[in-house]
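Participant: For reference, the structure I am asking about is given below.
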Amino acid sequence: MSTQLQSLPAWRQRRSVHMVMTHTLYYLILATVGTMLMVPFLWMVVSSVKAEHEIFSIPTTWIPERIRWENYTHALESFPFFRSLLNTLFITVSVIVGRLLSTSLAAYAFARMRFRLRTPLFVLVLSTLMIPYHVTLIPTYILFTRLGWIDTFLPLIVPNWLGLGAFYIFLLRQFFMTVPSEMNDAARIDGCSHFGIFARVILPLSIPALATVTIFTFLEQWNDFLAPIIYLNSPDKHTLAIAIQFYRQSASGAGWGPVRTWAHLMVVSLLTMAPCLLLFFFAQRYFIQGVVISGVKG
Amino acid sequence: MSMRLREELEAYLFLLPWILGFLIFLVGPLAASLYFSLADYNILQPPKLVGLANYQTMFADDPLFLKSLRITAIYTFASVPLIVTLGYLVALLLNQKVRGLAVWRTIFYLPAVVSGVAVAVMWVWVFDPDGGIVNNLLRLVGIEGPAWFTDPDWALTTLILTSLWGIGGGMVVYLAGMQGVPTHLYEACELDGGGTWNRFRHVTLPMTTPVIFFNLLIGIIGSWQVFTNAFVITNGGPANATLFYVLFLYRQGWKYHKMGYASALAWVLFFIILIFTIVVFKTSGWVYYESDQADQSK
């Protein structure tokens, strides 16, 4: 940089110095904010491998005297991780499959088919976006009680197989509209039915949008708390989210030292976050794209 | 003609899952919820109509209802503008052709990927008055920090602070919006002798107002439905200082089994969100829409 500066005329040099200074300031601000956002993560990781006496030590130690991986094995012994992980995975995957099927079928009808109620029905879909989840929660809960579905996964899964999630219908419909309609016509001439076009033309071309729906649904289901806490009672049905909450309550009540509890709580919280972080790192492109499709263009 | 009819019928077949879901999980529960809201209902006995008594109780003699309303409103008015502004400022910085954009974007977006109970547990430990990182860092500069979540005067403020961790969610959308601004607008601005400020004031800002508007609306709707943090971190306390609206609703329904009262609360929530939405739309004169631009975007 400095060699470049010397070869420039005086006025450009001044301008460059100004540029360098403002850019340095930008990087400083970015680094400060970035550090502040990362500190909670780092603090979790560090706390999860600390010894009991280090947890509350003042001043704080950033580097533990020894990395205690045994915290992880101990936490997994007292926390029903694999059971809850399996439950969470089962619910999340079932919801994703049901939502992809039901919302993409509806979106296809709105994007590509001609029927008389198309516009009014689509307006209806959009208007359901405004109704908060809580307004229908109580009657839905009572319905599931009457059906004997409490303490099963059905209340969490079934509604999503029936096209609940107007936002995703909207998102997919917007994406399907961008697929050139000539492809539709060509397929029709070849004798393809609407279902054939949907399955063999539209869906394969809409992988990015379907990936977006999958990712958003994954995060939403993985971290959901209200519905599981209302519908799932017995511990062997618990999702990771409720299992942590129960672990926390039992830990403070069972005469554990707060110290040991914190390291273990950080372990289980980290393990619960890990799939979301991994998903983000492997599918970052679809994340950003999805946020953009829904946020900028929606 | 028979082709048309066939397509018409086929369309309803595509929409069948959604239509079923709409009737079973939306129209039915909405009607039932309205009915329950006018009744005394504890699930065990059939609902007993009481007219508008639930709504009267709420506003006339339920100080906790009014308190939860105030708390949630304060949270909305503090947290949403802060998140929108800070997210936008960071996006502006990242839009200054900084190096390593992908890395910065990942750092800022990462917290938005995780949520739920695991994050809530993390915050409890980060803001722990004795062992938490925040007070430890404050001690380094000689400040004895407050008790954060366990101090009635600080609990709500601390929740607002933690919400800022998610600024990256909106930031990604603003940044995408900024990068979508056509360069010829900047060139035109420069020809008119506009500097950095004018470029921001007359090009970047107006062109990104639709994105700001979208995030503002989503943020307000979301903040009225805060539940997990209030339940897990503070459980409404201390001294009901963080009794968020939905937590209050949950308690009325699932702790005290007042399903009628909880239904009425859900309807009030619906109207609050509706009013906020209408106000935001009515005051959206500052949002700049270029119809051309809207057509080009997919």
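Readers should treat all values here as calculations from the given coordinates under stated rules, not as data from a laboratory. Quick caveat, the model's predicted, so the values are computed rather than measured. Positions of Cβ are generated from backbone atoms using ideal geometry, with glycine treated the same way; all protein chains shown enter the neighbour counts.
Participant: Once you mark the trypsin sites (Lys or Arg not before Pro) that are in a DSSP loop and have at most 15 other Cβ atoms within 10 Å, what is the longest gap between them in chain A? If you can, show how the numbers build up before the last one.
Facilitator: Details: sites that count: A:ARG66, A:ARG114, A:ARG116.
Segment A:117-298 is the longest.
Participant: If you don't mind, there's one more thing I want to ask. Is it possible to state the helix-based mean residue ellipticity at 222 nm for chain A, with each DSSP H run of 4+ residues giving -39500 (n - 2.57), the sum divided by total residues, to the nearest 500 deg cm²/dmol? What is it?
Facilitator: Details: 16 runs with 220 residues, N = 298.
Only helices count here, giving -23500 deg cm²/dmol.
Participant: Taking each residue in B:86-98, count the Cβ atoms of any other chain within 10 Å of its Cβ, then average. What number comes out? Could the numbers behind the result be given before it?
Facilitator: On the way: counts 1, 0, 0, 2, 5, 0, 1, 6, 2, 0, 4, 2, 4.
That average works out to 2.
Participant: What do you get for trypsin sites (Lys or Arg not before Pro) in the stretch B:63-160 restricted to DSSP loop and a cutoff of at most 16 other Cβ within 10 Å of the site's Cβ? Numbers along the way, then the final one.
Facilitator: Working: sites: B:LYS67, B:ARG70, B:LYS97, B:ARG99, B:ARG105, B:ARG139; in loops: B:LYS97, B:ARG99.
When the trypsin sites (Lys or Arg not before Pro) of the stretch B:63-160 are filtered for loop state and at most 16 Cβ neighbours within 10 Å, B:LYS97, B:ARG99 remain.
Participant: Can you give the FRET efficiency for A:TRP62 and B:LEU191, using 1/(1 + (r/R0)^6), R0 = 60 Å, r = Cβ-Cβ distance, to the nearest 0.05? Could the numbers behind the result be given before it?
Facilitator: Working: r = 52 Å, r/R0 = 0.87.
E between A:TRP62 and B:LEU191, to the nearest 0.05, is 0.70.
Participant: Summarise the partner chain shielding of A:81-88 as one whole number: the mean count of Cβ atoms from other chains within 10 Å of each residue's Cβ.
Facilitator: Working: counts 0, 0, 0, 0, 0, 0, 0, 0.
Across the residues of A:81-88, the mean count of other-chain Cβ atoms within 10 Å is 0.
Participant: Give the average, rounded to an integer, of partner chain Cβ atoms located within 10 angstrom of each Cβ in B:273-285. Each step should come with its number before you reach the end.
Facilitator: Working: counts 5, 3, 0, 0, 1, 0, 0, 0, 0, 0, 0, 0, 0.
Going residue by residue through B:273-285 and averaging, the value is 1.
Participant: According to a simple spin-label model (label point 7 Å from Cα along Cα-to-Cβ), what is the distance in nm between A:THR32 and B:LEU164?
Facilitator: That separation, rounded to one decimal, is 1.1 nm.
Participant: Right, next: Can you give the Rg to Rh ratio of the stretch A:38-161, both from alpha-carbon atoms, with Rh computed by the Kirkwood formula? Don't skip to the answer; put the middle values down first.
Facilitator: Values: Rg = 23.8 Å, Rh = 19.7 Å.
With Rh from the inverse mean 1/r over Cα pairs, Rg/Rh is 1.21.
Participant: Then there is this: With n ≥ 4 as the cut-off for DSSP H runs, can you work out [θ] at 222 nm for chain B, using -39500 (n - 2.57) per run divided by the number of residues, rounded to the nearest 500?
Facilitator: Details: 15 runs with 193 residues, N = 298.
Theoretical 222 nm ellipticity from helices: -20500 deg cm²/dmol.
Participant: Which whole-number percentage describes the relative contact order of the stretch B:38-146, with Cα contacts under 8 Å and a sequence gap of 6 or more? Could you put the intermediate results ahead of the total?
Facilitator: Details: 46 pairs, mean separation 9.1, N = 109.
The value is 8 percent.
Participant: Also, I was wondering about something else. Collect residues whose amide H, placed 1.01 Å from N in the peptide plane, falls under 5 Å from the amide H of B:ASP40; neighbours closer than 5 in sequence don't count.
Facilitator: The answer is B:LYS48, B:LEU49, B:VAL50.
Participant: List, largest first, the extents of the alpha carbons of the protein assembly as shown along their principal axes, each in whole Å.
Facilitator: Between the extreme Cα coordinates on each principal axis of the protein assembly as shown lie 80, 68, 50 Å.
Participant: Further question: First measure r as the distance between the Cβ atoms of A:THR119 and B:ILE24, then evaluate 1/(1 + (r/R0)^6) with R0 = 25 Å and state the FRET efficiency to the nearest 0.05.
Facilitator: On the way: r = 24 Å, r/R0 = 0.95.
The value I calculate is 0.60.
Participant: Please report, ordered by residue number, every helix of chain A (full DSSP H runs) that is 30 Å or longer along its axis going by C-alpha atoms and whose mean Kyte-Doolittle hydropathy reaches -1.0.
Facilitator: Details: long enough: A:10-48 (56 Å, 0.76); A:81-112 (45 Å, 1.21); A:258-282 (36 Å, 1.59).
Span-like helices in chain A: A:10-48, A:81-112, A:258-282.
Participant: To continue, here is another question. Given R₀ = 22 Å, FRET efficiency for B:LYS97-A:PHE281 by Cβ-Cβ distance, to 0.05? Show your work: numbers first, answer last.
Facilitator: On the way: r = 25 Å, r/R0 = 1.14.
Efficiency at R0 = 22 Å is approximately 0.30.
Participant: Using the Cα gyration tensor of the stretch A:74-295, with a ≥ b ≥ c the square roots of its eigenvalues, what is the shape: rounded (a/c below 1.5), prolate (a/b larger than b/c) or oblate (neither)? Could the numbers behind the result be given before it?
Facilitator: On the way: a/c = 2.85, a/b = 1.92, b/c = 1.49.
The shape class here is prolate.
Participant: Kindly write out, for the stretch B:280-287 in residue order, the coupling ³J(HN,Hα) from the Karplus curve 6.51 cos²θ - 1.76 cosθ + 1.60 (θ = phi - 60°), rounded to whole Hz, with x marking Gly and Pro.
Facilitator: Each residue's phi maps through the Karplus curve to give 4, 5, 5, 9, 8, x, 6, 7 Hz.
Participant: How are the alpha carbon pair distances in chain B distributed across 10 Å bins from zero to the largest one, expressed in percent?
Facilitator: Per 10 Å bin, starting at zero, the Cα-Cα P(r) for chain B comes out as 5, 19, 24, 23, 18, 8, 2, 0, 0 percent.
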